[in-house]
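Values quoted throughout were computed directly from the atomic coordinates according to the rules given, and no laboratory measurement underlies them. Since the model is a prediction, treat every value here as computed from it, not as a measurement. So basically every Cβ, Gly included, is an ideal-geometry build from the backbone, and we count neighbours across all protein chains shown.
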Amino acid sequence: MKCIYCCIERPDEEFTDEHIIPRQLGTFQGRRTPPDPITIRICGTCHSRFNALENRIAVDSWEGLTRLRREEAGSTRFQFSGRVQLRLIEPGIYHGAHVWYVPQGRRYVPEMRAQAGFPDGDERIWVPFDQMRSLADLELNRYGPDDVIYIVAPTEEAGNAVVAEIVRVVGSFNEHGKMPPPPERPLVEQAFDVGHPHRRWVAKIAFNYLAATAGRDFVLASDFDAIRAYITHGKHGPGLGPRPVEIITEQDREVDVEDLQWTDQHRISVDWRAQDIVAQVTLYNDITYEVQLCRYFRGAPPRIAATHRYDVRKRRVERLV
Ligand SMILES: [Zn+2]
């Protein structure tokens, strides 16, 4: 059998199941009636290469965060590296303060990060503790002992660390007062950016899906070499458009942290757009990515239109088109 990613002919036993939707985003029991889009077979070498990519995305992406909030399987703790930012948007002293999610029993709940709020006109600039060292350029030294700097932290120890850091840069405080408790059910604004590995990861979902629905032989055509090289090696060759993976929904918006109903499904579809093949991948019913899988297909175009819905809650997959 030929692998659809490296295109190397290998014995069947060197192949392994690859999930269309990475398992970190839910597990599904597919229906056995073909075409079953749950898995495709790819070679072990490509499979382990993708594992590294997937593990990285799982802990550092908007989808990874949504997975946490949904309590999806996986022991990996989310790492807030800066790609995903969550801030309180209610008016008041905590406006703009940073939160993240921490485990509480079997759930993940929002918690205020250790941070300091520096005066900025009528507002405050909230800076998380772990970003303070690199933020000498925030001009912390323009704050003097008369400025009121707010400090919040989940523990006293974390709060002391913030104070020590500020004293180091600013000099000293006049006095320590007590902050009012932060809101229990905060309204949070999420913002995130999607890096290059993330786009490759989305492109892989789309290409896996095309392989599962249109067939292995079809996607082995050289028309797909460009997207293959992009997914496998991150190579952005001339056969691809300027943006092979685009986000076509809003990235910055308000979310109600308690309302998870809207995150109940993924949806993937693929179809022709003139001579191009374009897939749409909607994860957790929220962000939609558009993936250009092929530009100017040269052969006779077969029918490939397909749409599947992955119901995360019921762990079911349904073909819609
Ligand atoms: Zn391979």
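Out of residues 5 or more away from Ile151 or on other chains, whose amide H comes under 5 Å of its own, with H placed 1.01 Å from N in the peptide plane?
Amide H neighbours of Ile151, under 5 Å, 5+ apart: Gly117.
Of the candidates Lys178, Lys204, Lys235, which one comes out as most mobile in a Gaussian network treatment of the chain with C-alpha springs shorter than 10 Å?
Comparing Lys178, Lys204, Lys235 in the GNM, the peak value goes to Lys178.
I'd like the Karplus ³J(HN,Hα) series for the range 6-23: coefficients 6.51, -1.76, 1.60, θ = phi - 60°, whole numbers in Hz, and an x wherever there's a Gly or Pro.
In residue order, the calculated couplings are 8, 6, 8, 6, 9, x, 3, 5, 8, 9, 9, 6, 10, 7, 5, 8, x, 4 Hz.
Give, rounded to the nearest 20 debye, the magnitude of the charge dipole that the chain has about its Cα centre when Lys and Arg contribute +1 at Cβ and Asp and Glu contribute -1 at Cβ.
1600 debye
Report the extension gain between Cys6 and Thr288 in nm, rounded to one decimal, defined as 0.36 nm multiplied by the number of residues separating them, less their alpha carbon distance.
Contour length minus Cα-Cα distance gives 98.8 nm.
Assuming R0 = 41 Å, what is the FRET efficiency of Val109 and Asn51, from their Cβ-Cβ distance, to the nearest 0.05?
Plugging the Cβ-Cβ distance into 1/(1 + (r/R0)^6) gives 0.90.
Straight-line reach from Lys235: which lysines fall under 20 Å, measuring Cα to Cα and dropping same-chain residues less than 8 apart?
Result set, ordered by chain and number: Lys204.
Which whole-number percent is the relative contact order of the chain (Cα, under 8 Å, 6+ apart)?
Computed over the chain, the figure is 17 percent.
Taking 0.36 nm per residue of sequence separation and subtracting the Cα-Cα distance, how much length would be gained by fully extending the chain between Arg41 and Ala229, in nm to one decimal?
Separation in residues times 0.36 nm, less the Cα-Cα distance, equals 65.9 nm.
Amide H neighbours of Trp126 under 5 Å, at least 5 residues apart or on other chains, H built in the peptide plane: list them.
Distant-sequence amide H within range of Trp126: Phe118.
With θ taken as phi - 60° and the coefficients 6.51, -1.76 and 1.60, list the Karplus ³J(HN,Hα) couplings across the range 92-98 in order, rounded to whole Hz; mark glycine and proline as x.
Computed from phi, the couplings for the range 92-98 are x, 5, 8, 4, x, 6, 8 Hz.
Of Thr27, Met179, Ser222, which is farthest towards the positive pole of the chain's charge dipole, taken about the Cα centre with +1 and -1 on the beta-carbons of Lys, Arg and Asp, Glu respectively?
My answer, from the dipole projection, is Ser222.
Using the Karplus curve 6.51 cos²θ - 1.76 cosθ + 1.60 with θ = phi - 60°, what ³J(HN,Hα) values do you get for each residue of the range 190-206, in whole Hz, with x for Gly and Pro?
Values, residue by residue: 10, 9, 8, 10, 10, x, 4, x, 4, 5, 5, 4, 5, 4, 5, 4, 5 Hz.
Mind telling me which of Tyr296, Tyr101, Tyr284 comes out most flexible in a GNM of the chain, alpha-carbon contacts under 10 Å?
Tyr296
I need the Kirkwood Rh of the chain: take the reciprocal of the average 1/r across all distinct C-alpha pairs and report it in angstrom.
Its Kirkwood hydrodynamic radius stands at 22.0 Å.
Just from its helices, what would the mean residue ellipticity at 222 nm be for the chain, if runs of 4 or more DSSP H residues each count -39500 (n - 2.57) and the sum is divided by every residue, rounded to the nearest 500 deg cm²/dmol?
-7000 deg cm²/dmol
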